[in-house]
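The values are calculated or read from the model by the stated rules, or taken from the named source; none is laboratory data. Quantities reported herein were computed from a predicted structural model and do not represent experimental measurements. Positions of Cβ are backbone-derived with ideal geometry, glycine not excepted, and every protein chain shown enters the neighbour counts.
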Amino acid sequence: MKRQIERVIPKSARPGMVGDGFRVYNFIPGAVLQRRISPFLMLDFAAEFNFTPSEQVRGVDVHPHKGFETVTIAYKGSVAHHDSAGNSGIINPGDVQWMTAGAGILHKEYHEQEFSKTGGPFEMVQLWVNLPKKDKSVTPHYQAITADQMGKYSIPNNGGVVNVIAGNVSDVKGPAATYSPVNLFDIKLNKGGELNFTIPASHNAALLMVNGNASIDGTPATEHSFVLFKDGGEEITIKADNDAVILFMSGEPINEPIASYGPFVMNTQEEIYEAIEEFQAGKFGTLV
Ligand code: MN
C-alpha cells in the first residue's frame, strides 16, 4: 500500500538565527507542524547561504542538551564542535554527527576555522531525535559517521544513490546505532531518477527537499519544501525533475509523555526542573 502525503510545507519567508552562524528555516515543530512527528522533535534547515570570509568564527556558544539526540548533517561547509566531556571534532560535507546528549552535556557548535576564513556556501540540517524514557540518562556520546561509512544503495537505471545513515533501504543498512527504530537517508537523485522503497507502516515519515524538485507519488515537492506523510502505507516513490538532494526520515513513534524546555526534553515537568537544577549546579561539566 502507498504511503499518502498529508501536506507539503514551504519554507518560511525569513530564516531565524541560531547564534550568528546558523541561518535556519525551522520545520519541526514549526508554525504549521504543531503536532510532533515522534521520535523527531526538531528540524532546522540551514538552506545554502554564502558566508563572507571572517576572521571571527561564527557559531553558537556553550549551551546544554539533555534527554535526546542531536543529528547534524553537513552538506556544504564544515562545522566544528567542542563539549564538556573533552570531545571535539569537525563535521565535513557529506558527514553526519549523531550526538546522544542523554544524561546531559554542554557543547558549542561553530563554523570550522578554515571555512570561516575563506567563506563560501554553507548548507546543513540539524535534527533532534527523542530518546525513550529508559534511555534518557545514558552517558553522553557521539557517532561520527563519515560519508564513506554510510550504506550505499544504488538507484536503478543510473538514478543516483541513497547514503543510508540509519535504518535500511532494501537490504542496505546504515551505520548509526539508534535507541528506537529510525530511518535516515541522504538521497542523491539524478534528473529523471526514480527511487522506490518501503518503510514500516507504523513509522511516522517526512522528507526535506534540500536541493532540486521532485514528485512524490505524483505530488510536486519543490526545492526547500518539507513533505509530511500520512500514517500508514509502506511504499514510497520519489521521481526527480532535476538533480535533487533529499533528506528522508521515518521512525517508530515513542508513545511516552513529553515535557520540554528549550534544550531539555524529558517526560515530566518535575524532570525538567531537575534538569535545570543539574545544569545550574554545573553537573553537565564545564566548557569555556
Ligand atoms: Mn547544540
Odd one out for E114, checked against (1) among the charged types (D, E, K, R); (2) in a strand (DSSP E or B); (3) away from the ligand (no atom under 16 Å from the Cβ); (4) closer than 30 Å to E55 by Cα: (2)
Six or more apart or on different chains, Cβ under 9 Å: which pairs go from a residue in region 100-116 that's hydrophobic (A, V, I, L, M, F, W, C) to one that's in a loop (DSSP other than H, G, I, E, B) and within 11 Å of the ligand (Cβ to nearest atom)? Could you list them? A101/P263
A85: more than 13 Å from the ligand (Cβ to nearest atom), under 21 Å from T286 (Cα atoms) and either assigned to a loop (DSSP other than H, G, I, E, B) or touching a His at 6+ places or on another chain (Cβ under 6 Å) (or both), yes or no? yes
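So for region 60-69 (the condition being aromatic (F, W, Y), over 11 Å from L127 (Cα atoms) and either surrounded by 15 or more Cβ atoms within 10 Å (Cβ to Cβ) or away from the ligand (no atom under 16 Å from the Cβ) (or both)), does at least one residue qualify? Break it down into steps so the answer makes sense when it comes.
Step one: of region 60-69, the residues aromatic (F, W, Y) are 68.
Remaining after also requiring over 11 Å from L127 (Cα atoms): none.
No, the conditions are met nowhere in region 60-69.
Looking only at strands (runs of 3 or more DSSP E) that fall completely inside region 229-288, which ones have 2 or more residues that are surrounded by fewer than 17 Cβ atoms within 10 Å (Cβ to Cβ) and more than 16 Å from the ligand (Cβ to nearest atom)? Talk me through it step by step, then tell me what you get.
Details: elements: 235-240, 244-251, 259-261, 264-266.
In region 229-288, the matching strands (runs of 3 or more DSSP E) lie at 235-240.
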Of the numbered conditions (1) of a type in the set (F, W, Y); (2) more than 16 Å from the ligand (Cβ to nearest atom); (3) farther than 22 Å from A240 by Cα, Y75 fails exactly one; give the number of that condition. (3)
Based on this model, can you work out whether G233 counts as on the phi > 0 side of the Ramachandran plot, at pLDDT below 95 and among the small types (G, A, S)? no
Exception for E48 within (1) within 16 Å of the ligand (Cβ to nearest atom); (2) part of a strand (DSSP E or B) falls at (1)
